[in-house]
Every structure is written in structure tokens, then in C-alpha cells.
Amino acid sequence: MQQGHVNCGFIGGAEIDKYGNVNTSYIGDHQDPVIKLPGSGGAADIASLSQRLLVIMNHEKRRFKEKVDYITSPGYGDGGNWREEEGLPRGGIGALITTLGVMKPNPSRNELELLSIHPGVTLDQVKENTGWNLLVSEQLQETVAPSKEELEVIRSIDPEGFWTGKKKEE
């Protein structure tokens with residue numbers, strides 16, 4: 001990773017903010033936290049050094065905050081050219097995939113922008129579960145469902161249905 005050979009990293013977290021900063025360390029003040037979380041576990045390195053980063057999270061208002069309580073894994077700091085100014089050589093969040101939709105950083109601000117909503121989800125649901133004034137793409141679309149072949153691959157590596165929530169049909 002330090003040499004730039006990791007094309008894509010995947011992480012999750014307890015909180016994320018509008019610039020893609022992820023918290024997996026503390027809820028509340030880090031000097032006297034309400035909750036102490038597991039920490040980085042290598043996610044800070046993945047967020048800092050991979051070519052691009054995919055973040056996967058449940059989309060809940062308590063997790064999607066204007067500003068995270070603590071930055072464990074950096075996204076775009078406070079926006080703009082923050083990563084460059086901090087000397088982070090690569091990466092930044094490429095996409096945030098949630099239980100409600102998909103967001104990517106707006107190219108001019110590096111603030112997360114909603115690009116697609118999953119089938120059966122409304123824009124109001126996404127906004128209600130986001131703790132900031134969400135940017136919405138002018139080309140907002142419905143997330144494309146996976147193909148039959150993609151579902152077969154996913155289910156073949158998740159036969160117990162841990163990730164998909166569905167048991168393999170007998």
C-alpha cells in the first residue's frame with residue numbers, strides 16, 4: 001500500500017461526514033468519550049494510501065453527521081484540496097455505498113453527493129437519514145440492480161447469507 005500498489009480499499013465505520021471522513025474510534029469527545037470504538041485496525045492506512053476508497057455503511061442519521069466526532073480514516077477533511085495540503089499522496093473516498101443509495105465526492109468541493117437511490121427508496125428517506133444538507137446530483141437515478149450472473153457470484157461467496165441476508169436456495 002505504501003508503494004501505491006493497492007487500487008481499491010474497502011472500509012466501514014460508525015460515523016461518516018459530508019467530506020467522507022470516517023470515525024471508528026470515539027463517540028463524543030475523545031478525551032472523555034461516551035463510547036470507545038475499536039479504532040482503525042488498519043483502515044486509516046487503507047483510506048490514506050489506496051488509490052481509491054469504497055466505504056460501505058448502514059444509512060442512519062446518527063451515523064451520517066455534518067462532522068464526525070473523531071477522524072479515524074481521512075476522507076477529504078474539510079473539503080477542497082485538504083488531502084493535498086495534508087500530504088496524503090493518493091486516494092480519498094471514491095464512493096460511499098449505503099443501504100439507501102450511492103454517493104461520490106462532488107469534483108469541485110469534495111463533498112459527498114447523492115448519485116443514485118436504491119430501488120424502493122425515496123429521496124426524502126435519504127435526506128431524513130442524513131445529518132447534513134445533502135447535495136443531490138442533477139442526474140439522480142435509481143441504482144442499477146445486479147445482474148443474475150453478479151448475484152450468482154455474490155451468493156457463491158456468501159452461501160450462508162451473512163452479507164446478503166438471504167440463504168442460498170436449496
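The values are calculated or read from the model by the stated rules, or taken from the named source; none is laboratory data. Please read these numbers as outputs of a predicted model, since none were measured by experiment. Ideal geometry is used to build each Cβ from the backbone, glycine not excepted, and the neighbour counts take in all protein chains shown. Remember, those area values only see protein heavy atoms, side chains included, never the ligands or the DNA or RNA. Shrake-Rupley method; radii C 1.70, N 1.55, O 1.52, S 1.80 Å.
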How many of the residues in region 22-36 are assigned to a loop (DSSP other than H, G, I, E, B) and either under 26 Å from G94 (Cβ atoms) or of a type in the set (S, T, Y) (or both)?
2
For P38, which of the numbered conditions (1) open to solvent by 40 Å² or more (accessible area, probe 1.4 Å); (2) within 29 Å of A145 (Cβ to Cβ); (3) not charged (D, E, K, R) fails to hold?
(2)
Hey, does region 62-81 have a residue that's open to solvent by 50 Å² or more (accessible area, probe 1.4 Å), in a helix (DSSP H, G or I) and farther than 18 Å from L37 by Cβ?
no
Which of (1) at pLDDT 95 or above; (2) within 18 Å of V6 (Cα to Cα); (3) buried (at least 20 other Cβ atoms within 10 Å of the Cβ) is the odd one out, the single condition S48 does not satisfy?
(1)
Keeping to region 1-21, report how many residues are part of a strand (DSSP E or B) and either surrounded by fewer than 22 Cβ atoms within 10 Å (Cβ to Cβ) or in contact with a Gly (Cβ under 8 Å, 6 or more places away or on another chain) (or both).
5
Of the residues that sit in region 136-152 and are open to solvent by less than 90 Å² (accessible area, probe 1.4 Å) and without any contact (Cβ under 8 Å) to a residue 40 or more places away in the chain, which one is farthest from E60 (Cα to Cα)?
S147
With respect to E149, is the statement that it is in a loop (DSSP other than H, G, I, E, B), of a type in the set (D, E, K, R) and out of contact with any helix residue (DSSP H, G or I) (no Cβ under 9 Å at 6 or more places or on another chain) true?
no
Keeping to region 38-57, report how many residues are in a loop (DSSP other than H, G, I, E, B) and in contact (Cβ under 8 Å) with a residue 24 or more places away in the chain.
4
Which of the residues belonging to region 104-127 are part of a loop (DSSP other than H, G, I, E, B) and touching a strand residue (DSSP E or B) at 6+ places or on another chain (Cβ under 7 Å)?
N106, E111, H118, P119, V121
Identify, please: which residue in region 84-125 is modelled with pLDDT under 95 and of a type in the set (A, V, I, L, M) and is, among those, surrounded by the fewest Cβ atoms within 10 Å (Cβ to Cβ)?
L88
Within region 126-135, which residues are in contact (Cβ under 8 Å) with a residue 12 or more places away in the chain and open to solvent by 60 Å² or more (accessible area, probe 1.4 Å)?
E128
